[in-house]
1. Where does the charge balance sit around GLN307 when Lys and Arg score +1, Asp and Glu -1, over other residues with C-beta under 14 Å from its C-beta?
2. Between LEU95, SER291, SER208, whose Cα lies farthest towards the positive end of the dipole of the chain when Lys and Arg beta carbons carry +1 and Asp and Glu beta carbons carry -1, centred on the Cα centre?
3. Need one number: nm distance between label points at ARG144 and ALA280, each 7 Å from Cα along Cα→Cβ, rounded to one decimal.
4. Taking Cα pairs under 8 Å and at least six residues apart, what relative contact order does the chain come out at, in percent?
5. Please give, to one decimal in nm, the separation of the simple spin-label points placed at SER97 and ARG22, each 7 Å out from Cα toward the Cβ.
6. 222 nm [θ] for the chain, helices only, -39500 (n - 2.57) per DSSP H run of 4+, per residue, to 500?
7. Would you mind putting 206-213, 227-234 in packing order, based on average other-beta-carbon counts within 10 Å, highest first?
8. Rounded, prolate or oblate: which one fits segment 20-173, using the alpha carbon gyration tensor with axes a ≥ b ≥ c (rounded when a/c is under 1.5, else prolate when a/b beats b/c, else oblate)?
Amino acid sequence: MRLFLVALLASLSAVVAAAQSREVGPYTLHPIIPGVIRIEDANHTNPAGLHLDEQGKTKSFNNCSDMYLIVGRERALLIDLSNPIKWDATATESLQSLIAEEIGDRRLYIAVTHYHADHTGMLPAFKDNPDVTFWIQTPEFEGREIFPADRTLPIAGQPSLDLGNGFVVDALKIPGHTDHSTAYFLRGKHLLFSGDGIGSGHGVWIFSAEGFTKYRRSVDLLISYIRNPDHQIDEHQLLIFGAHYWQKREKEKLTMRYLLDMRTLIDEIKAGTAREERVAFGPYLNRNFISGDAVITWNKADAERFQAE
């Protein structure tokens with residue numbers, strides 16, 4: 001009996017150790033499930049979010065942008081490429097080494113949720129590597145062709161990627177934040193990696209009236225997609241991982257409730273009943289519209305025009 005307990009404790013200790021976060025250069029790796037890791041461009045010297053001094057004033061800020069690594073039996077997929085890290089001289093070498101350690105001899109595919117610089121920042125670490133294939137929503141990068149053409153696989157021609165060992169990733173275009181923002185589902189695992197497409201819990205930024213129209217449709221599309229039994233998603237188990245994980249504020253997790261609140265919020269904006277909060281993110285983004293867990297950062301005048309339609 002004693003040997004059994006010792007073996008059990010050793011096994012549990014190994015599981016706990018495997019689930020622990022670890023730092024590599026400017027990055028922190030956070031396991032989600034076996035084979036799936038959140039990689040945050042932050043560490044103990046430069047944590048995520050606002051850094052306050054002893055008087056409570058902001059002294060610095062790290063709006064870290066998360067990457068997600070999914071490791072199958074034959075292939076691995078890295079979703080997004082974070083901010084361009086300038087605050088740690090080892091950033092490129094550290095990212096290359098941690099990915100190599102996690103994937104071994106598997107071929108690496110890289111997907112990007114949208115074109116913004118805080119999601120493509122570390123592209124130079126992989127762009128010239130002949131063993132890397134880019135799985136890309138190519139219309140998102142039209143006119144800004146930053147990926148090697150001979151190693152770019154358009155999502156339009158292959159919307160799913162089989163990594164082996166039961167890990168299949170399905171891509172779904174969700175316009176709104178940008179014209180071709182893309183979400184990635186890990187089939188049968190109830191995990192959604194959404195970039196900035198629906199926000200990370202703090203607010204999805206919508207930059208035009210046209211963008212808002214597209215976003216409304218994308219929210220309905222996402223809900224319908226999740227509820228389609230062919231897609232093997234249990235909405236009660238669904239976990240949503242946005243690109244800026246630290247922005248969840250006090251929310252422990254983003255779940256289906258977040259998406260349903262988004263749909264309610266859109267209805268409330270239309271009715272003129274949404275809770276509002278003044279913001280100043282440039283001349284256009286001047287309102288947060290809030291309902292439940294959902295926040296849409298948009299424009300007051302365009303919201304009023306939407307109400308009057």
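What follows draws every value from the coordinates through simple rules; no lab data is involved. Given the structure is predicted, the values throughout are model-derived calculations rather than measurements. All Cβ positions, even for glycine, are placed from backbone atoms using ideal geometry, and neighbour counts span all protein chains on display.
1. Once positives and negatives cancel, what remains is -1.
2. SER291
3. 2.7
4. Normalised by residue count, the contact order of the chain is 11 percent.
5. Distance between label points: 1.2 nm.
6. Computed mean residue ellipticity for the chain: -8000 deg cm²/dmol.
7. By packing density, highest mean first, the sequence is 206-213, 227-234.
8. Prolate, because a/c is 1.5 or more and a/b exceeds b/c.
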